[in-house]
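First the structure, in the form of structure tokens, and then the observations on it.
The values are calculated or read from the model by the stated rules, or taken from the named source; none is laboratory data. Worth saying up front: this structure is predicted, and the values here are computed from it rather than measured. Backbone-built Cβ (ideal geometry, glycine too); neighbour counts: all protein chains shown.
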């Protein structure tokens, strides 16, 4: 193990430099780059005796010489007393038991499945170091073959990630060194440790594995800029067999001088891997390449959802998405691309008002396209769509789409929809009745009041099920509650017509 002589002075000095420069990072508002007071030697010995474990030497020295929690990666270091914050449950002899986590588990989809135990049992022999937010945490193994190793965990994702350090102090100092060097601290610890030259050497090594190259790229991606000496091997790697390697290149090519990157990125637009095509297009736009809009329009016809939607979003953000662009997406062989094309149409309603909407899509046999078309017609407030939506309400077999239809007719506020909404007030579908009760407040008339009076006796709390009968949505209020509110509003509007 690295003895890290005089590390305490180095760390204190680096923290002072970070504060003096007014640097900020993810989570720094929690700790302000200040550490808690150190623990006494007696307190650490008592902890070790209580749990039957000997803490890794460098971590132990950090606790007694530098600080017990506070400034650190992400939301800051936990104090020692929060050692079980990841498992969130005290298990007898938890720290003294050999840790079951091995490097081979890092490739698993889920830590519990990889090890074959419950979540809490996975963390025997693990001390919690910090939370990274959401379901992400960092811990240190204190027993077993990987003693001293820092490991990242994600309760909802891949099993774990072994940091490129075998001890605590190296990990902690890397955090400070990268902050002082101007690194983006997002996802700190992922990727190989090192400076640009050492990481570029990995890219240049013909014997480096794809995993090692990807890990080097992860760290390079967090650097503020990259030199031509690094971009040169990146261009060579565009023919690498790994799609994961190739897809990370575009983001790196635009770091620094964009000269020469445009041609390399344009060449990647024809890559077999959809992620490479999508990231190359994004990088062209990020670098403001002269041909990026032309490339984006060509990508709208891509058969893969990721590429086509990325192109549409870039054009939309630039205010350049046209009706012709959306029509091209509607011709895609991918159903999901055709569906989201209608979403783009609805979102850009103002600029699309004078273009004929394909009303036949409101009755499209594919549910996702039918749903997207209904929502787009609602957003566009298409008067011509109202009769089609009313007819569709009678024919619609999907209860989820039927609820969307009712909501669309309600929001469009067209009186031609009133008969259909009155009929919906007697629907067998609780959600349809709920939306009818809410929507009828926008109309007047005796028939509206009669329908709402009847709905005011319906004390059902709607529950929406999918086609497999599984619950997917409910409401806070009963149908009766909403109907009474709507009825009062209709009566007020009848007495005072100026109320809208």
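Worth pointing out:
- Only one of the listed residues (484, 415, 500, 441) is modelled with pLDDT of 90 or more and over 35 Å from the mean Cα position of the chain (by Cα). That residue is 484.
- Residues being in contact (Cβ under 8 Å) with a residue 40 or more places away in the chain and within 17 Å of residue 78 (Cα to Cα) - total across segment 137-161: 9
- In segment 32-59, the residues that are at positive phi form Cβ pairs under 6 Å with partners that are assigned to a loop (DSSP other than H, G, I, E, B) and at pLDDT below 95, at six or more places apart or across chains, as follows: 52/96.
- Residue-level check: of (1) surrounded by fewer than 22 Cβ atoms within 10 Å (Cβ to Cβ); (2) assigned by TED's automatic domain parsing to the domain that holds residue 77; (3) within 27 Å of the chain's Cα centre (by Cα); (4) at pLDDT below 90, residue 174 misses just (4).
- Top-ranked residue in segment 374-409 [being modelled with pLDDT of 85 or more and assigned to a loop (DSSP other than H, G, I, E, B); ranked as farthest from residue 346 (Cα to Cα)]: 396
- Of the residues making up segment 106-133, those that are assigned to a loop (DSSP other than H, G, I, E, B) and without any contact (Cβ under 8 Å) to a residue 12 or more places away in the chain are 116, 118.
- Boolean, residue 240 is without any contact (Cβ under 8 Å) to a residue 24 or more places away in the chain and surrounded by fewer than 19 Cβ atoms within 10 Å (Cβ to Cβ): no
- Members of segment 421-437 that are part of a helix (DSSP H, G or I) and surrounded by 20 or more Cβ atoms within 10 Å (Cβ to Cβ): 421, 424, 430, 431, 432, 433, 434, 435, 436, 437
- Only listed residue being assigned by TED's automatic domain parsing to the domain that holds residue 17 and surrounded by fewer than 23 Cβ atoms within 10 Å (Cβ to Cβ), chosen from 138, 128: 128
- Of the helices (runs of 4 or more DSSP H) lying entirely inside segment 206-304, the ones with 1 or more residues being outside the structural domain of residue 325 (by TED's automatic domain parsing), more than 28 Å from residue 315 (Cα to Cα) and out of contact with any strand residue (DSSP E or B) (no Cβ under 8 Å at 6 or more places or on another chain) are found at 210-220, 228-236.
- Scan of segment 177-212 for residues that are buried (at least 18 other Cβ atoms within 10 Å of the Cβ), farther than 20 Å from residue 7 by Cβ and over 25 Å from the mean Cα position of the chain (by Cα), ordered by number: 199, 200, 202, 203
- Flag if residue 220 is touching a residue at least 24 places away in the same chain (Cβ under 8 Å), buried (at least 20 other Cβ atoms within 10 Å of the Cβ) and farther than 15 Å from residue 106 by Cα: yes
- Evaluated against (1) within 26 Å of residue 362 (Cα to Cα); (2) surrounded by 18 or more Cβ atoms within 10 Å (Cβ to Cβ), residue 470 falls short on exactly one condition, (2).
- Only one of the numbered conditions (1) outside any helix (DSSP H, G or I); (2) in contact (Cβ under 8 Å) with a residue 12 or more places away in the chain is violated by residue 173, and that is (1).
- Taken together, the criteria exclude residue 166 from residues that are surrounded by fewer than 21 Cβ atoms within 10 Å (Cβ to Cβ) and either modelled with pLDDT of 85 or more or part of a helix (DSSP H, G or I) (or both).
- Tallying residues that are part of a loop (DSSP other than H, G, I, E, B) and touching a residue at least 24 places away in the same chain (Cβ under 8 Å) within segment 446-458 yields 2.
- Restricting 72, 67 to those that are part of a loop (DSSP other than H, G, I, E, B), free of Cβ contacts under 8 Å to residues at least 40 places away in the same chain and surrounded by 14 or more Cβ atoms within 10 Å (Cβ to Cβ) reduces the list to 67.
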